[in-house]
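The block underneath contains the structure these notes are about, expressed in C-alpha cells.
The values are calculated or read from the model by the stated rules, or taken from the named source; none is laboratory data. Just so it is clear, the model here is predicted, and its values are computed rather than measured. Here the Cβ positions follow ideal geometry from the backbone for every residue, glycine too, while neighbour counts run over all protein chains shown. For accessibility, only protein heavy atoms count, side chains too; no ligands or nucleic acids. Shrake-Rupley method; radii C 1.70, N 1.55, O 1.52, S 1.80 Å.
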Amino acid sequence: MIISVIGTGHVGLVTGAGFSEMGHTVICIDQNQDKITSIIDGSIPIYEPSLDEIVSRNKSSGRLHFTTDLAEGICLSDVIFIAVDTPQLSHGQSDLSQLESVTHQVAKASNNKKTIVIKSTVPVSTCRRIDRILRKYGNGTVFNVVSNPEFLREGKAVYDFMNPDRIVLGTRSDDKDAKRTMMKIYEPFEKDHVEIIYTTLETSELIKYSANAFLATKVAFINEMANLCDAVGANITELARGIGLDNRIGSSFLKPGPGYGGSCFPKDTLSLTVQAQEANCPVRIIESVINSNSSHIRRLGRRVSDFCAECWNIDCKSSLLGKKIAVLGLSFKANTDDIRSAASTVIIPFLIKQGAKVMGFDPVLSATEKFTDQFQDTIPTFEAKTDLDTVLWGADVVLVLTEWEEIAKIDWLKKRSILNSPIVVDFRNLFNPDLMRKYGYHYASLGRP
Ligand code: UDX
C-alpha cells in the first residue's frame, strides 16, 4: 500500500518516516521546496532526536520519498494523510486555510478511490466538512475520510509514534471500507497488541482535544499544589508521590514547573474552550486551567525578585537592578528547540524590565537563535549562548527553567567559584535543597520548603 503524507512539519515528517520504518512505501509532500530539498540533502529542519537516522535509513531503502508535486503524490497513493499546520487565530479559533486548500487540491488530483486521513489537530466537525468538500469537488471519485489524531510529544515524537498507548480512528459510521484500509496501515501495531479505537469522526476529533486538555489540567493542578505547599510548608515531591500512587490519578504529569508551554497545550486548551462556547456548552474547568497556568507563569518573575531581596536583605523593588541573571533553558521543555509559549518568553523580559542583565543558556543553538530573533527589538541587550560556563560566569542569580540533562547534572560545588553570588532559583525542582544549602547556596524551588 502506498501512503502519502501532506505536510512535513513535526507531525507529518515523524508520521511519514514512522510508516516507512514500519515497512510502508511513503511519499512525503510539502509545498516548501527549500524544506523538501534540505530533507533530501540529509538535513532535517526540525529538532527531533533520532528522526534523522530513521529518515536517512528509509530514504536509502527506497521506502521514503520526498516531493513538492502534490498531484503526482496523490495519484500514486492509496491513502493520503493530511498533516498540515492548523495554527491558532487571534481568539483561539483554528486557521484551517491550509487544510482546506490541500483538500481542494486532493479532490482535484484524485483519479480513483482514496482514503483521506486527517492527522492534523482540527476542531470537532472539521472532518465531516472535509468529507463534504471532497464529495463536492472530487469529480465523482470515492473518498473515505478518517480522523486519526496524533499524541506525539516534542522531543519524544519518534518514540511516541513507535510506542503509542492507543490508535484512535474516526470514520463515517457507514464506512466499512475505511476501517479495512486503516487496519492494513496499522497492522504492525495490532501485532504488538496496541489498542485500536474505532469511533465516529466527531468523537475522534474530541479525543485529541480532551486528552491535551486533561494533561494540561494535571500540570496546572500540580503547579497550584506546589504554590499551596510553599504557603503551608508542605512538600510537593511527597505530595505528588502520595497522590500519584493512586492508580486512578497516576504519577505521570505531576512534576511542578514554570507552567505548561509549547505549540499544543496553549493552543488546544484555548481552542477547546472556544469550540465549547460555540456549542453553547462552556468548559469552565479548562477555562480556569488556562487562567491558572498563565498567572502561574506571570508570577515567576516576582518570585525571583522577592527571593533575591530576601537573600540580599534589600527592598524587592530594586533587588535585581544591575544584577547578572543566568537563565538556564530557553525552550518550553527539555529535548526540543521550540520556544513557543515557553516560560522564558515571559520571565526574561520581566527580569530585564526590573533592571537585570540577563544571559540565557540553551544547549540547542536553534533555540538560542529563535529566542534572540523573536526578542531582538524588545530586549536588544539579551544574549543567549550554548556554552553553560559562559552564561554562569559572574552570575548573581541562576534561574532554572527547563530540565535539560546538561542542566540537571550541573555540579554546583564546582560551579560556586565562577558565580558572583550563590543564588539558584530552580523552577524545575531538579536539585536537592539540603545539598544546595550544604554547598552554601541560597536555593529556592517550587513547593519544597
Ligand atoms: C503535548 C502532549 O503530551 C502530546 O500528546 C500532544 O500530541 C502534543 O502536546 P508537548 O507539547 O510536546 O506534547 O509537551 P509535553 O511533554 O506534553 O509537555 C507539555 C508542557 O507541560 C511542557 O511545558 C512541559 O514542561 C509541561 N509539563 C509536562 C510539566 O510542567 N510537568 C509535567 O509533569 C509534564
Scan the range 15-37 and tell me whether some residue there is within 18 Å of the chain's Cα centre (by Cα) and open to solvent by 40 Å² or more (accessible area, probe 1.4 Å). no
Number of positions in the range 260-303 that are among the small types (Gly, Ala, Ser), over 30 Å from residue 444 (Cα atoms) and assigned to a helix (DSSP H, G or I): 2
Out of the residues in the range 221-241 that are farther than 17 Å from residue 303 by Cβ and of a type outside the set (Asp, Glu), which is farthest from the ligand (Cβ to nearest atom)? 234
Restricting to the range 48-65, count the residues that are open to solvent by 80 Å² or more (accessible area, probe 1.4 Å) and among the acidic types (Asp, Glu). 2
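Residues checked against (1) over 25 Å from residue 87 (Cβ atoms); (2) open to solvent by 30 Å² or more (accessible area, probe 1.4 Å); (3) in contact with a Pro (Cβ under 6 Å, 6 or more places away or on another chain):
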{"position": "254", "(1), (2), (3)": "yes, no, no"}
{"position": "258", "(1), (2), (3)": "no, no, no"}
{"position": "273", "(1), (2), (3)": "no, no, no"}
{"position": "280", "(1), (2), (3)": "yes, yes, no"}
{"position": "288", "(1), (2), (3)": "no, yes, no"}
{"position": "294", "(1), (2), (3)": "no, yes, no"}
{"position": "309", "(1), (2), (3)": "yes, no, no"}
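Could you look through the range 157-190, keep only residues that are part of a strand (DSSP E or B) and under 23 Å from the mean Cα position of the chain (by Cα), and pick out the one that is nearest to residue 81 (Cα to Cα)? Full working, then the answer.
Filtering the range 157-190 for residues part of a strand (DSSP E or B) gives 166-171.
From what's left, under 23 Å from the mean Cα position of the chain (by Cα): 166-169.
Numbers: 166: 18, 167: 15, 168: 14, 169: 13 Å.
Among residues in the range 157-190 that are part of a strand (DSSP E or B) and under 23 Å from the mean Cα position of the chain (by Cα), the one nearest to residue 81 (Cα to Cα) is 169.
Would you confirm whether or not the range 437-445 contains a residue that is closer than 16 Å to residue 330 by Cβ, assigned by TED's automatic domain parsing to the domain that holds residue 364 and in a loop (DSSP other than H, G, I, E, B)? Please lay out each step first, then the result.
Step one: of the range 437-445, the residues closer than 16 Å to residue 330 by Cβ are none.
No: the range 437-445 contains no residue that is closer than 16 Å to residue 330 by Cβ, assigned by TED's automatic domain parsing to the domain that holds residue 364 and in a loop (DSSP other than H, G, I, E, B).
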Among the residues of the range 113-123, is any open to solvent by 60 Å² or more (accessible area, probe 1.4 Å) and within 15 Å of the ligand (Cβ to nearest atom)? no
Failed condition for residue 244, given (1) in contact (Cβ under 8 Å) with a residue 40 or more places away in the chain; (2) at negative phi; (3) within 14 Å of the ligand (Cβ to nearest atom); (4) open to solvent by less than 20 Å² (accessible area, probe 1.4 Å): (1)
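Being under 30 Å from the mean Cα position of the chain (by Cα) and either of a type in the set (Phe, Trp, Tyr) or over 21 Å from residue 89 (Cβ atoms) (or both) is the filter; apply it to the range 99-112 and report the residue that is nearest to the ligand (Cβ to nearest atom). Give the steps one after another, and end with the answer.
Initially, the range 99-112 is screened for residues under 30 Å from the mean Cα position of the chain (by Cα), giving 99-106.
Filter once more, so that each one left must be either of a type in the set (Phe, Trp, Tyr) or over 21 Å from residue 89 (Cβ atoms) (or both): 105-106.
Values: 105: 26, 106: 24 Å.
For the range 99-112, the residue satisfying everything is 106.
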Inside the range 380-397, can you point out the residues that are open to solvent by less than 30 Å² (accessible area, probe 1.4 Å) and among the charged types (D, E, K, R)? 396
Could you tell me whether any residue of the range 251-272 is hydrophobic (A, V, I, L, M, F, W, C) and more than 15 Å from the ligand (Cβ to nearest atom)? no
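Scan 297, 339, 325 and give me the residue that is out of contact with any Cys (no Cβ under 8 Å at 6 or more places or on another chain) and more than 24 Å from residue 393 (Cβ to Cβ).
On the way: 339 fails: more than 24 Å from residue 393 (Cβ to Cβ); 325 fails: more than 24 Å from residue 393 (Cβ to Cβ).
Checking each option against the conditions leaves just 297.
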Test: residue in the range 357-375 that is farther than 17 Å from residue 422 by Cα, over 25 Å from the mean Cα position of the chain (by Cα), open to solvent by 10 Å² or more (accessible area, probe 1.4 Å) and without any contact (Cβ under 8 Å) to a residue 40 or more places away in the chain: no
Just name the residue that is least open to solvent (accessible area, probe 1.4 Å) out of those in the range 334-356 that are under 22 Å from residue 424 (Cβ atoms) and hydroxyl-bearing (Ser, Thr, Tyr). 344
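Looking at 391, 400, can you tell me which residue is in the same structural domain as residue 345 (by TED's automatic domain parsing) and more than 16 Å from the ligand (Cβ to nearest atom)? Explain how you work it out, then say what you get.
Working: 400 fails: more than 16 Å from the ligand (Cβ to nearest atom).
Going through 391, 400 in turn, just one is in the same structural domain as residue 345 (by TED's automatic domain parsing) and more than 16 Å from the ligand (Cβ to nearest atom): 391.
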Can you say whether residue 340 is of a type outside the set (S, T, N, Q), within 11 Å of the ligand (Cβ to nearest atom) and closer than 25 Å to residue 213 by Cα, as far as the supplied structure shows? yes
Could you look through the range 321-333, keep only residues that are open to solvent by 10 Å² or more (accessible area, probe 1.4 Å) and among the hydrophobic types (A, V, I, L, M, F, W, C), and pick out the one that is nearest to the ligand (Cβ to nearest atom)? 332
Any residue that is buried (at least 19 other Cβ atoms within 10 Å of the Cβ) and away from the ligand (no atom under 16 Å from the Cβ) - is there at least one of those in the range 207-216? no
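So, residue 97, is that one assigned by TED's automatic domain parsing to the domain that holds residue 144, modelled with pLDDT of 95 or more and surrounded by fewer than 16 Cβ atoms within 10 Å (Cβ to Cβ) or not?
On the way: assigned by TED's automatic domain parsing to the domain that holds residue 144: yes; modelled with pLDDT of 95 or more: yes; surrounded by fewer than 16 Cβ atoms within 10 Å (Cβ to Cβ): yes.
Considered against the rule, which asks whether it is assigned by TED's automatic domain parsing to the domain that holds residue 144, modelled with pLDDT of 95 or more and surrounded by fewer than 16 Cβ atoms within 10 Å (Cβ to Cβ), residue 97 comes out as yes.
Tally time: how many residues in the range 124-156 are touching a Leu at 6+ places or on another chain (Cβ under 9 Å), open to solvent by less than 30 Å² (accessible area, probe 1.4 Å) and either within 16 Å of the ligand (Cβ to nearest atom) or not in a loop (DSSP other than H, G, I, E, B) (or both)?
Taking the range 124-156 first, the residues touching a Leu at 6+ places or on another chain (Cβ under 9 Å) are 124-131, 141, 143, 145-148.
Those left that are additionally open to solvent by less than 30 Å² (accessible area, probe 1.4 Å): 126-127, 130-131, 141, 143, 145-148.
Going one step further and asking which of them are either within 16 Å of the ligand (Cβ to nearest atom) or not in a loop (DSSP other than H, G, I, E, B) (or both), we end up with 126-127, 130-131, 143, 145-148.
Number of matching residues: 9.
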Among the listed residues 424, 391, 364, 400, identify the single one that is in contact with a His (Cβ under 8 Å, 6 or more places away or on another chain) and modelled with pLDDT of 95 or more. 424
